[in-house]
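The values are calculated or read from the model by the stated rules, or taken from the named source; none is laboratory data. The model shown is predicted, which means the values in this text are computed figures rather than measured ones. Cβ coordinates were reconstructed from backbone atoms using ideal geometry, including for glycine residues, and neighbour counts include every protein chain displayed.
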Amino acid sequence: MQLGLLRSIFEGPRTARSRPGPATAATPARLLVGGMLLALAFTFGCGGSAGSSSGSGSGGSSSSGGSSTSLTVTITPGSASVPENGTQQFTATVKNDPANQGVTWTLTSGGTACAPSCGTISVTTTASGAATTYTAPGSPVSATLTATSLSNPTVFASASIGVAGGISVLVSPPSATVPLGATYNFAATVVNDTANKGVNWTLTQNGAACTSTCGKFSATSTASGAAVTYTAPTSAPSNNILTLTASSISAPNATSSATITIQGSTSVSVSPTYVNVPVNGTQTFTATVTGGSGNQAVTWQLMQNGTACSSGCGTLTGSTTGTTNSSVTYTAPGSPATYTLVATSTANTSLSGSATIVVQPITVSVSPTFA
């Protein structure tokens, strides 16, 4: 149809003839109109479609083409501030990828590959939805982390990373001597940690991680400035010098340590160890703590048959804190009985000493008995 129309335009109208003659020449106007119609014929008569283009972007996501089923890549988080030597996880999600090939990760700074000076990534290729971990260097830097579709390398997403500096950790006290079974409090202060994640605690012996024979913590992680309580073992380890280390959770390479010396010769003794006391009588006892350091006080308790006594067993008066030799005065009750006086170290409650008290009735004898 289109060709017949064009022919009539170019050749003009035909008239009936009895014999062949020359064709009517096409005018310039007919040529112009014919060219326009020819273009329209090819456009609408032959058909056509717009080609898909690939888009790319930074700071979150990108896609290919303009269709709702185009392949897209999204990275989360789209930006992050990471402390020196700290870590941050990033996840790339790929949609409408029939091959389900995931992404490849790259680090750049100013458009140029920069790893490892600008940090490192734990995995360079991940499936959609799987994370890679970025580890920052030990100095401030800015970098761009890009996740590129493996199915279509023209589609990618990027996240900006800023590495902040200055995280530091300080453990106090820097050293301590702890008797067997005793407890001691340590604290770690973290400076310039915007995430305020606190510290993890570890205990080592000769550079190797300790077992329970080295003691234990009240918690394996604490907030900045919060105390952790260390409890020494009840029997001396082969090496009594330990290292207590606090590591920043935000920046694991930022650490601080304290030295712990376990003192294994601590003991408690009570003098006298055995005594007879008349009813309503008094007796002074002294407890001696040896081998310890710092707090060497004791607490006193009266026992009978393994059970704590009431006031019916007698009373105790005197000093119970602050001195190496803590003395107490026992006043017996008005009836005979046998009791145990126990002195327990306040620094190490697993250590104690004891004395036996026999309360005897008052007897009167007359001499000579016969005269």
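The table below lists the values:
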{"item": "Residue check for residue 166: part of a loop (DSSP other than H, G, I, E, B), over 16 Å from the mean Cα position of the chain (by Cα) and closer than 19 Å to residue 250 by Cα", "result": "yes"}
{"item": "Meets criteria (modelled with pLDDT under 90, out of contact with any helix residue (DSSP H, G or I) (no Cβ under 8 Å at 6 or more places or on another chain) and part of a loop (DSSP other than H, G, I, E, B)) for residue 129", "result": "no"}
{"item": "Every residue from the stretch 322-371 that is assigned to a loop (DSSP other than H, G, I, E, B) and within 53 Å of the chain's Cα centre (by Cα)", "result": "322, 323, 324, 346, 347, 348, 349, 350, 351"}
{"item": "Every residue from the stretch 92-116 that is under 30 Å from residue 168 (Cβ atoms), surrounded by fewer than 18 Cβ atoms within 10 Å (Cβ to Cβ) and touching a residue at least 12 places away in the same chain (Cβ under 8 Å)", "result": "108, 109, 116"}
{"item": "Total residues in the stretch 208-235, condition of a type in the set (Ser, Thr, Tyr) and part of a loop (DSSP other than H, G, I, E, B)", "result": "6"}
{"item": "Top-ranked residue of the stretch 238-283 - restricted to ones that are within 30 Å of residue 340 (Cα to Cα) and modelled with pLDDT under 85, ranked as surrounded by the most Cβ atoms within 10 Å (Cβ to Cβ)", "result": "266"}
{"item": "Inter-residue pairs, beta-carbon under 6 Å, first assigned to a loop (DSSP other than H, G, I, E, B) and in the stretch 236-252, second hydroxyl-bearing (Ser, Thr, Tyr) and at pLDDT below 85, 6+ apart", "result": "237/213"}
{"item": "Residues of the stretch 253-285 that turn out to be among the hydrophobic types (A, V, I, L, M, F, W, C) and over 40 Å from the mean Cα position of the chain (by Cα), as a count", "result": "6"}
{"item": "Residue under evaluation residue 144, criteria (1) surrounded by fewer than 18 Cβ atoms within 10 Å (Cβ to Cβ); (2) under 20 Å from residue 82 (Cβ atoms); (3) polar (S, T, N, Q), criterion not met", "result": "(1)"}
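Residue-wise test of (1) within 23 Å of residue 181 (Cα to Cα); (2) of a type outside the set (Phe, Trp, Tyr); (3) at pLDDT below 90; (4) in contact with a Pro (Cβ under 8 Å, 6 or more places away or on another chain).
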{"position": "289", "(1), (2), (3), (4)": "yes, yes, yes, no"}
{"position": "317", "(1), (2), (3), (4)": "no, yes, yes, no"}
{"position": "326", "(1), (2), (3), (4)": "yes, yes, yes, no"}
{"position": "334", "(1), (2), (3), (4)": "no, yes, no, no"}
{"position": "353", "(1), (2), (3), (4)": "yes, yes, no, no"}
